[in-house]
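Asker: This is the structure, below, for whatever I ask next.
The values are calculated or read from the model by the stated rules, or taken from the named source; none is laboratory data. All values reported here derive from a predicted model rather than from experimental measurement. Counting neighbours? That spans all protein chains shown, and the Cβs are built from the backbone with ideal geometry, glycine included.
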Amino acid sequence: MSDISFIRSIISLCRQSLSGNKIAIKSAEDQMSMLVKSDTSETEIKIALIFKIILSPQAISAPENTLSDDELCGLKLASSDVQLWAAIFLKNYTKSNFDTSESFGGATDSTRRIIKSFLIICTLNKDKLGISTPIASQLESTLLMIGDRDFPESMEHVLMLISYCHMSDINPLVLVETLTTRLQTQLRNRGVNVLNTNVNTNSSLNRAVSESQSNYDLKYAEYLINHVKNYVNLSRSIASYNNILNTNNIMEISRCYFEFFNALVDGVKNMCSLRNSVTLKDLEMNKFVQSVSFLFSQSTLNTHTANPASQSYEVDCNPSDSLFYFDDRNLFNEPKLFQYGQSVPELGGNQHNVQLLLSPSMFVNESSLNKAYFKTKLSSFKLFTNLMKKYKARAYDNDTLCELKIILTLSDVHLLYVYKYFIYKFTQFYNFYKSMKGTFTSNFIVPVMLDQLEFIRQVIKIFVYVHTIDLPESFEDNAQLYFSGIINLLQFNDQQLVQNDTTGTILKMKVAFLRLLKFYAERYQEVFHPFVFTCIEDVVKLCRTTTQDASEDKLCCAALDFLSAASTTHWGSSPTASARSNPYMNNAFLAEIIQTIIVPNIGFRECDLLLLDDCPIEFVQRELDTNSCSSRRFSSISFLKKLVSSIGQVCQQIIAQVATNVASSNDYKLKELYLQLIICINFKESSGEFNINNYFNKYLKNEFVLLAQTQLTQEKRLIILAIMKYIITFQNLFSEIDLVALVPYLVLYLNNSHEALRSFSAEALSRVLAKVRLHKPKLKTCILQALDNLLTLMKNGGRSGNEFYSKCTMKIFLYLREDVRESGMLMIQIVISLIKMVTDNPVNPAYNHYLFESLSILLRLNLQTESYGLGQPLEKIEESLIPMLAMIIQQEMHPFIPYSLQVLCIMLKFANKASTTYLQLLNHLLTIETWKVSIANAQGNIKLLVCFFEKHSIFESEINKNMEKILNIFHFCLVHRKLSTHSLDMINGIIRFLPLSYYVAFIKSIVTVLLTYIHNNKGSDALVDVVTTMSLLTAYLHLHKYEMSLIEILETIQVGITSSFMEMVYVPNVKKTMNTEAKRVHAVAIAKMATLSSVQMNNELFMLLMGALEDLISGENVKLDTPKDMLDPNNMEEIDKVELNFDVSYVRLQAANDGRKLLDKNINAEEVIKDLLAPMAGLMKRNLSMSGKFTSVLSLVRRTKGAGDTPSKDKKRARVKELRTRKKPIRQSNKREIKTISRCT
């Protein structure tokens, strides 16, 4: 296909997507994917052509353009909507193909490079390239998606481009020349000849570097310099093209675009080819640091400050990166502001920059200020912030620490410079602004000041993300500077400037400050100690000045959260000279916080009361703290609870006094507040003078009972809600008798006309059911009525759903059990109908989750008792349920597919024949395309496939003949970035459930694939799970009595690999294992390995394995635990412990989780280990007894009868008794036997 034909096809399919028809859009996306993938050798060209569509200027598709479509290379119809769809397709293509291995149809390495390079250039130059905001947003989103995986390992050069090519005012030619000179100097210092130092011809430099094969840091430095050179050349082309765009000449723009795009493609190709040289992944950390230290070395930055008062320059020399600076000659458009003498350094030179000292006497107007100066730099800097955002949710591990080390090595000096510069610049501009206040032209400077504050906010946001993982050394070393700036700006409150701040920059900046301070109060107290008391007092002052306006809610919440975190640490006296004491220890200060900050924010505000009537479910979510939205009310409650917890009696006395004053009022809001204060005071236990039960029975119960069947005013409604919250909070402190008495009234409130009351009642009922399970005969009728009410409410509630209803229904099913089962298919069909109601529009994920949880409970209640003739037969359930599940899967209703797969698992587990439905389902799972097109459902597919393995006896033929396909699917999942961990569940299922004959021919291949994964993912946390799988294979090969062990298989793959593998990979990851079940598997595997003669002859390896075994079983119970059954009434509360994280594609149903273990429930791991160790008891005692470190291992051996072991006393007595009762003719034989036993003893 020619380029122009391909462009026309893509544009046509994008236009088809504009129809809004789901089927048409899906068809268009599939056809576009086929077009791109049809010939893999041309994929890179096709990707470039898609970018050609995306980047084409609007002048090309303008109606006024008289050029033909052929003259415009097929771009005549490339409207902005078409470009947006092309960008969306590119994002979806990247999402589908970047995580998949190339061997399974994923993007090739060259395709990944070209997409990444285009995205970097487009994102950093979106304004100059004329990319519209929606399209730029899609491109940046795609880049960030790639960055989540590749930044900084293969994207560290982006930081360099942002810093030096977009933010710094250094001349690009000076930049390249300086970096090249530094590399040449380093080469000379190491004795490498550089024959030609001409910057424009670098062939001799390349030759000099390549001659020094061991100098990887030099080669890496050359790689970075080449990136800069290439990007500088690209930037020239972009600047020239931008000048043409600004002419608005349609014909000229149309003709020049194609020439520019060819230059852009050349630059992208150069950027891609650089990845073939020495890159970051080829370096050890010390080499990387060494390379950066000489290439971007800290030297002296000379700042020449133009002082209008003295008509001269003041020079300030500071250690910094001499290539990174801002120059005021680009900020101000008036050259005469800098004409003080002849010694002005050249603009863009190395080591020198010029700043202007603003003074009230100066005349600066709007025309003399370049207001786009900071905005342009800010646009690029935000990409850095967005790339760092991924660390907000990252775990603390070695890989993450290594990544942060790379990032901060490249950027910490720049972050410090930016922070210092903008603190200084804002102070200077604000003083100038104050001197101009009241003048007509004073507001022209406001946007520039807000840009300066936004820069500070972005720096702090980056540090917030970094502090999520660890304390950066650069911040710690400059703590005084950072904290002093934060403290000063926290108190900044210029009302006129705030009114002009339409984007809320000042408020957002303060919120970022407070979030950073919260990290220090929680984690980094030692560094924070000199500043904490000042910060506490200043934040309290800030809270006093906040209004009740909704725009300040986030600021108030962040302030309360910081104060709450600071209150939990017992701070000593300040280490500073002033030796200040902890403000929280001052009773007057504490009373002021409670009375003036906490209490006013705990009570309901008007917006809360509006929420009660307009969005009752969200109101209840916030009251129960199940909503992710922060609120002043719950930040205040959290703060108060922590004060009570950490400061104790003093705080309780203050709160009690406030509560007493509130209680005397007739204001319903204050009464509710009084109850809230009681909840905070006694949130842990009923102690002291206050008794939860007594207070409820004396002051609350009567009102709660009397109002259960009356129409409530808003005042009464709030009181009842507060009482229900009291019941929920203190449910564990109520007596069973009191709870039983409350249940009928909670059921009555389910009939209330207000949804908030019904929701609170449903939640309270679901919480107390587990506490009254022994009183079911008494409560049965009442609970059945509650179930009927809830089902009616859900049936009439529409598609949005109420999760409190569905959760309570689920708990009632668990509570009633056999009474629900007696309803037969009716209850199952009701739940199925409720699920069908929400499949078209799944608005409420929590509601849907509990519906499927309820369905799973009903299925298990019926199917587990079917064999006793009590439940419904599987065929009858399948008849009702399979059509709905098939519809969900066929119509790709993604929110419900994971649940449907788990429901199918439950039914499959109880199947006793291979029905057509299950055979079709298995064939669907055995198709590799199923896994490629639905990555989000892979975890559910794996669980279902493992369930087929468990039922292998009825699917023997299908599984046996498709083992190669199954293992190919496992390999696909293992090398897929998002599925690698889950893939191990599949191979564990194969090992755990299938007979050895099914996969014996593939054992060596399985081990080879696992070894390859380990080699390619050194340092990954997933290696712990991979090693567990290898141990599981070892254990089951032993249990199946297979002739070869894992060590022998390793030796067939590579001779001599065992010792290094065990020492470097296996044992270190075994020691990281936290899961008790995995520890048992490792213990069995190590015991088996230790029986091999090759291991026993290698004393070092033998002792290594024995040490690992000692660590595993020391203090552990190696016997198997009985898994908890979620349907057991004693485990009712366990079903609440699932984390409902609906940001992920798979949420596990607790009722569908049967607690499946790695080892068969009939295997006693301890006995297996003892049997394995028995034959080598003598060897172990000789080698291990003397060290005194192997007590746990030796204790197993001592209880084992083996060669060289002493028989137990009981056995001795039995043997002596036997000898005494024997007849005399065999006495001689007995004597010989006794001597033999004694000799053995």
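Asker: Among (1) part of a helix (DSSP H, G or I); (2) over 35 Å from the mean Cα position of the chain (by Cα), there is one condition Ser33 misses while meeting the rest; what is its number?
Answerer: (2)
Asker: Still on this structure, please answer the following. For the range 144-165, check the following and say yes or no: at least one residue is touching a Phe, Trp or Tyr at 6+ places or on another chain (Cβ under 7 Å) and aromatic (Phe, Trp, Tyr).
Answerer: Yes: the range 144-165 contains one or more residues that are touching a Phe, Trp or Tyr at 6+ places or on another chain (Cβ under 7 Å) and aromatic (Phe, Trp, Tyr).
Condition check ((1) under 15 Å from Leu746 (Cα atoms); (2) without any contact (Cβ under 8 Å) to a residue 60 or more places away in the chain; (3) in the same structural domain as Glu618 (by the TED database); (4) not in a helix (DSSP H, G or I)) across all residues:
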{"residue": "Ala756", "(1), (2), (3), (4)": "yes, no, no, no"}
{"residue": "Cys782", "(1), (2), (3), (4)": "yes, yes, no, no"}
{"residue": "Leu787", "(1), (2), (3), (4)": "yes, yes, no, no"}
{"residue": "Gly798", "(1), (2), (3), (4)": "no, yes, no, yes"}
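Asker: Also, quick follow-up: Of all residues in the range 1051-1085, which are within 15 Å of Phe1102 (Cα to Cα) and of a type in the set (Asp, Glu)?
Answerer: The answer is Glu1063, and nothing else.
Results for (1) touching a strand residue (DSSP E or B) at 6+ places or on another chain (Cβ under 7 Å); (2) small (Gly, Ala, Ser), shown as yes or no for each residue.
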site: Asn307; (1), (2): yes, no
site: Tyr313; (1), (2): yes, no
site: Pro319; (1), (2): yes, no
site: Ser322; (1), (2): yes, yes
site: Leu347; (1), (2): no, no
site: His352; (1), (2): yes, no
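Asker: Can you find a residue in the range 884-899 that is more than 30 Å from Ile23 (Cα to Cα) and surrounded by 15 or more Cβ atoms within 10 Å (Cβ to Cβ)?
Answerer: no
Asker: May I ask you to say which residue of Lys52, Lys26, Lys46 is farther than 29 Å from Leu124 by Cβ and under 35 Å from the mean Cα position of the chain (by Cα)?
Answerer: Lys26
Asker: Filter the range 352-408 for residues that are part of a loop (DSSP other than H, G, I, E, B) and under 27 Å from Thr305 (Cα atoms) and give the result.
Answerer: Within the range 352-408, Leu357, Leu358, Ser359, Pro360, Ser361, Met362, Phe363, Val364, Asn365, Asn370, Lys371 meet the criteria.
Asker: If Leu129 satisfies every condition in (1) among the hydrophobic types (A, V, I, L, M, F, W, C); (2) at pLDDT 95 or above; (3) in a helix (DSSP H, G or I) but one, which is the exception?
Answerer: Going through (1) among the hydrophobic types (A, V, I, L, M, F, W, C); (2) at pLDDT 95 or above; (3) in a helix (DSSP H, G or I) one by one, Leu129 breaks only (3).
Asker: Go through the range 1011-1099 and tell me which helices (runs of 4 or more DSSP H), entirely inside it, have 2 or more residues that are within 27 Å of Leu994 (Cβ to Cβ) and charged (D, E, K, R). Steps first, answer last, please.
Answerer: Details: elements: 1023-1039, 1046-1053, 1057-1061, 1067-1071, 1076-1090, 1093-1097.
Of the helices (runs of 4 or more DSSP H) lying wholly inside the range 1011-1099, those with at least 2 residues that are within 27 Å of Leu994 (Cβ to Cβ) and charged (D, E, K, R) span 1046-1053, 1076-1090.
Asker: Being surrounded by fewer than 19 Cβ atoms within 10 Å (Cβ to Cβ), closer than 27 Å to Gln891 by Cα and out of contact with any Lys or Arg (no Cβ under 6 Å at 6 or more places or on another chain) narrows it down to one residue among Asp840, Asp788; which is it?
Answerer: Working: Asp788 fails: closer than 27 Å to Gln891 by Cα.
Answer to the check: Asp840.
Asker: Has the range 1052-1071 got any residue that is surrounded by 16 or more Cβ atoms within 10 Å (Cβ to Cβ), of a type in the set (S, T, N, Q), out of contact with any strand residue (DSSP E or B) (no Cβ under 7 Å at 6 or more places or on another chain) and closer than 19 Å to Leu1159 by Cα?
Answerer: no
Asker: While we're here: Being in contact with a helix residue (DSSP H, G or I) (Cβ under 6 Å, 6 or more places away or on another chain) and closer than 20 Å to Lys780 by Cα is true for just one of Leu858, Leu834. Which residue is that?
Answerer: Only one candidate qualifies: Leu858.
Asker: With the checklist (1) within 34 Å of the chain's Cα centre (by Cα); (2) loosely packed, with under 14 Cβ neighbours inside 10 Å in hand, flag the one item Asn431 doesn't pass.
Answerer: (1)
Asker: Also, quick follow-up: I'm told Asp738 meets every condition in (1) within 22 Å of Lys671 (Cα to Cα); (2) modelled with pLDDT under 95 except one. Can you identify the failing condition by its number?
Answerer: Asp738 satisfies all of (1) within 22 Å of Lys671 (Cα to Cα); (2) modelled with pLDDT under 95 except (1).
Asker: May I ask you to list the residues in the range 166-202 that are under 18 Å from His227 (Cβ atoms) and at pLDDT below 90?
Answerer: Of everything in the range 166-202, those that are under 18 Å from His227 (Cβ atoms) and at pLDDT below 90 turn out to be Val199, Asn200, Asn202.
Asker: Go through Ser361, Ser320, Ser343 for me and flag whichever is surrounded by 12 or more Cβ atoms within 10 Å (Cβ to Cβ) and either assigned by the TED database to the domain that holds Ser411 or not acidic (Asp, Glu) (or both).
Answerer: Numbers: Ser361 fails: surrounded by 12 or more Cβ atoms within 10 Å (Cβ to Cβ); Ser343 fails: surrounded by 12 or more Cβ atoms within 10 Å (Cβ to Cβ).
The unique qualifying residue is Ser320.
Asker: Scan (1) over 48 Å from the mean Cα position of the chain (by Cα); (2) within 30 Å of Arg182 (Cα to Cα) for the single condition Cys272 breaks and write down its number.
Answerer: Evaluating Cys272 over (1) over 48 Å from the mean Cα position of the chain (by Cα); (2) within 30 Å of Arg182 (Cα to Cα) leaves (1) as the failure.
Asker: Thr43: over 14 Å from Trp85 (Cβ atoms), among the polar types (S, T, N, Q) and in a helix (DSSP H, G or I), yes or no?
Answerer: Criteria met by Thr43.
Asker: Another question about this same structure. Being farther than 20 Å from Thr409 by Cα and either crowded, with 22+ Cβ neighbours inside 10 Å or not aromatic (Phe, Trp, Tyr) (or both) narrows it down to one residue among Ser154, Ser137, Ser168, Ser163; which is it?
Answerer: Ser137
Asker: Counting only residues that are among the β-branched types (Val, Ile, Thr) and surrounded by fewer than 20 Cβ atoms within 10 Å (Cβ to Cβ), which one in the range 1074-1094 is farthest from Val1193 (Cα to Cα)?
Answerer: Residue satisfying both the conditions and the ranking: Thr1076.
Asker: State which residue pairs qualify: first residue in contact (Cβ under 8 Å) with a residue 60 or more places away in the chain and inside the range 1024-1047, second residue of a type in the set (D, E, K, R) and assigned to a helix (DSSP H, G or I) in any location, beta carbons under 6 Å apart, and separation of 6 or more residues or different chains.
Answerer: Here the result reads His1038/Lys1088, each pair linking the range 1024-1047 to a residue that is of a type in the set (D, E, K, R) and assigned to a helix (DSSP H, G or I).
Asker: Give the residues of the range 512-531 that are among the aromatic types (Phe, Trp, Tyr) and in contact with a Phe, Trp or Tyr (Cβ under 8 Å, 6 or more places away or on another chain), sorted by residue number.
Answerer: Looking only at the range 512-531, we keep the residues that are among the aromatic types (Phe, Trp, Tyr), and these are 513, 519-520, 524, 528, 531.
Once the filter is applied, which keeps residues that are among the aromatic types (Phe, Trp, Tyr) and in contact with a Phe, Trp or Tyr (Cβ under 8 Å, 6 or more places away or on another chain), the range 512-531 yields Tyr520, Phe528, Phe531.
Asker: A further question follows. Restricting attention to the range 649-662, does a residue exist that is within 30 Å of Ala550 (Cβ to Cβ), out of contact with any helix residue (DSSP H, G or I) (no Cβ under 7 Å at 6 or more places or on another chain) and either at pLDDT 75 or above or of a type in the set (D, E, K, R) (or both)?
Answerer: no
Asker: Can you confirm whether Asp39 is farther than 22 Å from Ser117 by Cα and either touching a Leu at 6+ places or on another chain (Cβ under 9 Å) or at pLDDT below 95 (or both)?
Answerer: No: the conditions fail for Asp39.
Asker: Give the residues of the range 810-826 that are within 38 Å of the chain's Cα centre (by Cα) and surrounded by fewer than 21 Cβ atoms within 10 Å (Cβ to Cβ), sorted by residue number. Spell out the reasoning first.
Answerer: To start, the set of residues in the range 810-826 that are within 38 Å of the chain's Cα centre (by Cα) comprises 810-815, 817.
Matches in the range 810-826: Arg817 only.
Asker: Which ones in the range 92-104 are outside any loop (DSSP other than H, G, I, E, B) and crowded, with 19+ Cβ neighbours inside 10 Å?
Answerer: If the condition is that a residue be outside any loop (DSSP other than H, G, I, E, B) and crowded, with 19+ Cβ neighbours inside 10 Å, then Tyr93, Thr94, Asn97 are the ones that fit.
Asker: Mind listing just one residue for me: the one in the range 105-127 that is among the polar types (S, T, N, Q) and out of contact with any Asp or Glu (no Cβ under 8 Å at 6 or more places or on another chain) and, of those, surrounded by the most Cβ atoms within 10 Å (Cβ to Cβ)?
Answerer: Asn125
Asker: Further, regarding this structure: Regarding His894, is this residue within 20 Å of Val838 (Cα to Cα) and out of contact with any Leu (no Cβ under 6 Å at 6 or more places or on another chain)?
Answerer: Taking the combined requirement at face value, the residue satisfies it.
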